[in-house]
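First comes the structure, then the notes that go with it.
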Amino acid sequence: MRTSGVFAVALALSGCASSGSMASGGGAFAACWPIVPLELQALEHGREWEPVSRLAADGTISNPRGTIGRISGDTLTIGAGQVIFLAGQCTGRRATVGSPLSPALKMVVSYDERDVFNEVGGSGARITVADDGAVEMQIGTGHPVLGRAGSGGGAVRVVGDVRVARRTAELLVFTTVAIGAGR
């Protein structure tokens, strides 16, 4: 991973940089980001699925280059060594995510009744992971970033128990996009 400048650009380009504050949400009794093994895969050359990033049962997030972060309880940290590039906290159906290295980069996420990831303000990022693992990500008024084959976005899927950890699957998609598709 590189310096905060590169991260800030990746976060901004992912359409997820905005400013806002966190408000209390409902559903405080359930874990916001349940930990179950998940793998984000991309369809390569329209034929085979390749791993991009994964979440292990212990909350470790990794890509082919190594560990990139962790989810622990309802806290997200992405970074290398002692340097945290991205941090998030989730309570109920709302989360704040930002960069400790660039405090102006903040976003607020709300999860609706179907657990769809919705950025509040900013570029209006929306991430949906279906029961079959198919991912759809849009920015603003429907510009596709990720989707099923032929959707105009890159085809990706999440493999694992999405029904138990849909919000976590969407967070895995978000973090992968924010750090530059795991590169």
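The values are calculated or read from the model by the stated rules, or taken from the named source; none is laboratory data. As the structure is a prediction and not an experimental result, all values here were calculated from the model. Backbone-built Cβ (ideal geometry, glycine too); neighbour counts: all protein chains shown. In case anyone asks, the SASA skips ligands and DNA or RNA and just uses the protein heavy atoms, side chains included. Shrake-Rupley method; radii C 1.70, N 1.55, O 1.52, S 1.80 Å.
The residues of segment 43-183 have, on average, 46 Å² of accessible surface per residue, using a 1.4 Å probe with all protein chains present.
Going by the alpha-carbon gyration tensor, a ≥ b ≥ c the square roots of its eigenvalues, is segment 42-91 rounded (a/c under 1.5) or, if a/c is not under 1.5, prolate (a/b greater than b/c) versus oblate? Show your work: numbers first, answer last.
Values: a/c = 2.58, a/b = 1.95, b/c = 1.32.
Prolate.
Coupling constants for segment 73-87 follow from the phi torsions by the Karplus curve (6.51 cos²θ - 1.76 cosθ + 1.60, θ = phi - 60°), and in residue order they are x, 10, 10, 10, 9, 10, x, 10, x, 8, 8, 9, 8, 9, 9 Hz; glycine and proline get x.
Let me know the charge dipole size of segment 76-183 about its Cα centre in debye, to the nearest 20, where only the beta-carbon of Lys, Arg (+1) and Asp, Glu (-1) is charged. Could you put the intermediate results ahead of the total?
Numbers: 11 positive and 9 negative charges, 34 e Å.
About 160 debye.
Whole-Hz Karplus values for segment 52-59 come out as 10, 8, 8, 10, 8, 4, 8, x Hz, taken residue by residue from phi with 6.51 cos²θ - 1.76 cosθ + 1.60 and θ = phi - 60°; glycine and proline positions read x. According to the square roots a ≥ b ≥ c of the eigenvalues of the Cα gyration tensor, what is the shape class of segment 30-183, taking rounded for a/c under 1.5, prolate for a/b larger than b/c otherwise, and oblate for the remainder? Rounded shape, in that the Cα axes give a/c under 1.5.
What's the local net charge at I35, with K and R +1, D and E -1, over the other residues with C-beta under 15 Å away? Each step should come with its number before you reach the end.
Working: positive: R54, R70, R163, R166, R167; negative: E39, D58, D74, D161, E170.
Charge balance in the 15 Å sphere: 0.
Amide H contacts of A80: F85, each under 5 Å away and 5 or more positions distant or on a separate chain (H built 1.01 Å from N in the peptide plane; Pro and chain starts excluded). Per-residue extension of 0.36 nm, minus the Cα-Cα distance of D112 and D58, leaves a gain of 16.8 nm for this segment.
Applied to segment 121-134, the Karplus parametrisation 6.51 cos²θ - 1.76 cosθ + 1.60 on θ = phi - 60° returns per-residue 3J(HN,Hα) values of x, x, 8, x, 4, 9, 10, 10, 10, 6, 4, 7, x, 4 Hz, with x for Gly and Pro.
Loop-resident GluC sites (Glu not before Pro) (DSSP state other than H, G, I, E or B) in segment 85-183 with no more than 16 further Cβ atoms inside 10 Å of their Cβ: E113.
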